[in-house]
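See below for the structure under consideration.
The values are calculated or read from the model by the stated rules, or taken from the named source; none is laboratory data. The model shown is predicted, which means the values in this text are computed figures rather than measured ones. Virtual Cβ from ideal backbone geometry, glycine too; neighbours counted across all protein chains shown.
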Amino acid sequence: MIYLDNSATTRLDPEVLEAMLPFLQEEYGNPSSKHYTLAQNSKKATDEARFHVSQLMGCKPDEVIFTSGSTESNNMILKGIMDFYSDQGSHLVVSKSEHSSILETAKFLEKKGHEVTYLNVDKYGRVQIEELETLVKVPQKPLLVSIIWGNNETGSINDIRYIAELCMKNNIFLHTDATQVLGKIDVRDSIEGVRFFSCSAHKLHGPKGIGASIIKKDELGIKTQITPLLHGGGQEFDYRSGTISTHNIVGFGKAAEIALREIEQTQKKLKQLESYLISKLRERFHEIMHLNSDTKNKIPGIVNVRFNDVDNEFLIQELGSKVALSTGSACSSSKPSHVLLSMGLSLEQVRSSVRISLSKYNTLNEIDELCKMLAGE
């Protein structure tokens, strides 16, 4: 099997598995318990993992709040901010090309009486900055803006640094879903002014079922308050109650450590693979192939392509025993891509589009094999 659906999930790094195993077997203590060795060992391991995630994100360890993944993190931030600060505003701004966990949460909040603005995007799925610039200056300015950092279907990167400056100048909370960019671009120099982040471990060769909300403190170092999504024992600095998943957290920490250590190497390889993939596709299918992705200012390794008069579902099913591809987000697999539709593609063009997403484990030979299979050889 040639695995080319790395935007959906990634293969577990062997180092990550090795780090996790002790906490699935002998080191099974609850890190929230006290005094005895098993609990202390688990607490030490989760603290170390939190440190490594903070290093990858460029934040402080106590700003890392472990969750079950990006979907929970997105729900937690949007619902938590719009509820806690409801006396200060009720306007949420998101883009039309967000992940479904943002858009569905926005629709939920809209039904609860909040005002939601859905920003238009360009032909590659990036937000229309001019619209946002207008919105932040109106009397009823947004309480919260949530813009995806790198799109999970096209790979297009939004100018988060500029958006953060814009929101900071106008005293507006900014959240970004950073799930797809972690480990592929260095985010540490671009986070000033971004108060909230969401991410998942399984997109960077870590385990499924673990992610984080990054909730940064204010300029005075005071903890940012939100309404918790989960109430209970007050774990995760009172932000997210529930028994801590030690083995998954350890795996996330190791994945973050590896991602930071290998980030330049990973970028270089993904760019090489992407360039080779596009050149081979153009070489073989230039008469019927069109790129939906941009070729610059994007996450390396995500290529969205359409083939004239080809049914994407049929194609993926036909090749399913040999290669893993997708039509778009795994969280919206039963529907035509809202991202591609928001970019101006017709329904027919959307249904002819395929996402190919690469990882550090892919090879040039696998791309050659993919092209042969697409050609029916």
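Listed here are the residues, each with its yes/no results for (1) surrounded by fewer than 20 Cβ atoms within 10 Å (Cβ to Cβ); (2) under 15 Å from ILE356 (Cα atoms); (3) at pLDDT 95 or above.
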| residue | (1), (2), (3) |
| --- | --- |
| VAL303 | no, yes, yes |
| ARG306 | no, yes, yes |
| GLY320 | yes, yes, no |
| CYS331 | yes, no, no |
| SER334 | yes, no, no |
| SER337 | no, yes, no |
| LEU341 | yes, no, yes |
| GLY344 | yes, no, yes |
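Here GLY344 fulfils each of the conditions (1) on the phi < 0 side of the Ramachandran plot; (2) more than 19 Å from the chain's Cα centre (by Cα) apart from (1).
Residues that are over 28 Å from GLY58 (Cβ atoms): which helices (runs of 4 or more DSSP H) entirely in the stretch 246-353 hold 2 or more of them? Counting at least 2 such residues, we get 263-285, 312-318, 338-342, 347-350. For the stretch 174-186, state whether one or more residues are closer than 23 Å to SER353 by Cα, touching a Ser or Thr at 6+ places or on another chain (Cβ under 7 Å), in contact (Cβ under 8 Å) with a residue 60 or more places away in the chain and buried (at least 23 other Cβ atoms within 10 Å of the Cβ). The answer is yes; a qualifying residue exists. Within the stretch 15-56, being over 27 Å from LYS216 (Cα atoms) and among the basic types (Lys, Arg) holds for one residue alone: LYS34. Scanning the stretch 170-191 for residues that are in a loop (DSSP other than H, G, I, E, B), closer than 19 Å to VAL136 by Cβ and not β-branched (Val, Ile, Thr) returns ASN170, ASN171. Would you confirm, using the coordinates I've provided, whether ILE65 is of a type in the set (Val, Ile, Thr), touching a strand residue (DSSP E or B) at 6+ places or on another chain (Cβ under 9 Å) and in a helix (DSSP H, G or I)? Considered against the rule, which asks whether it is of a type in the set (Val, Ile, Thr), touching a strand residue (DSSP E or B) at 6+ places or on another chain (Cβ under 9 Å) and in a helix (DSSP H, G or I), ILE65 comes out as no. The single residue among ALA106, ALA45 that is more than 20 Å from MET343 (Cα to Cα) and either modelled with pLDDT of 95 or more or surrounded by fewer than 16 Cβ atoms within 10 Å (Cβ to Cβ) (or both) turns out to be ALA45.
All of (1) in a helix (DSSP H, G or I); (2) farther than 14 Å from HIS205 by Cβ; (3) under 27 Å from the mean Cα position of the chain (by Cα) hold for LEU56 with one exception: (2). Could we say that GLU153 is assigned by TED's automatic domain parsing to the domain that holds SER198 and in a loop (DSSP other than H, G, I, E, B) here? For GLU153, the condition - assigned by TED's automatic domain parsing to the domain that holds SER198 and in a loop (DSSP other than H, G, I, E, B) - is met.
Of SER90, SER54, all but one fail to be in contact with a helix residue (DSSP H, G or I) (Cβ under 8 Å, 6 or more places away or on another chain), more than 24 Å from LYS184 (Cα to Cα) and surrounded by 14 or more Cβ atoms within 10 Å (Cβ to Cβ); the exception is SER90. A count restricted to the stretch 259-309 and to residues that are among the basic types (Lys, Arg) and in contact (Cβ under 8 Å) with a residue 12 or more places away in the chain stands at 6. With a requirement of 2 or more residues that are in contact (Cβ under 8 Å) with a residue 40 or more places away in the chain and small (Gly, Ala, Ser), the helices (runs of 4 or more DSSP H) lying completely within the stretch 70-145 that satisfy it span 70-84, 100-111.
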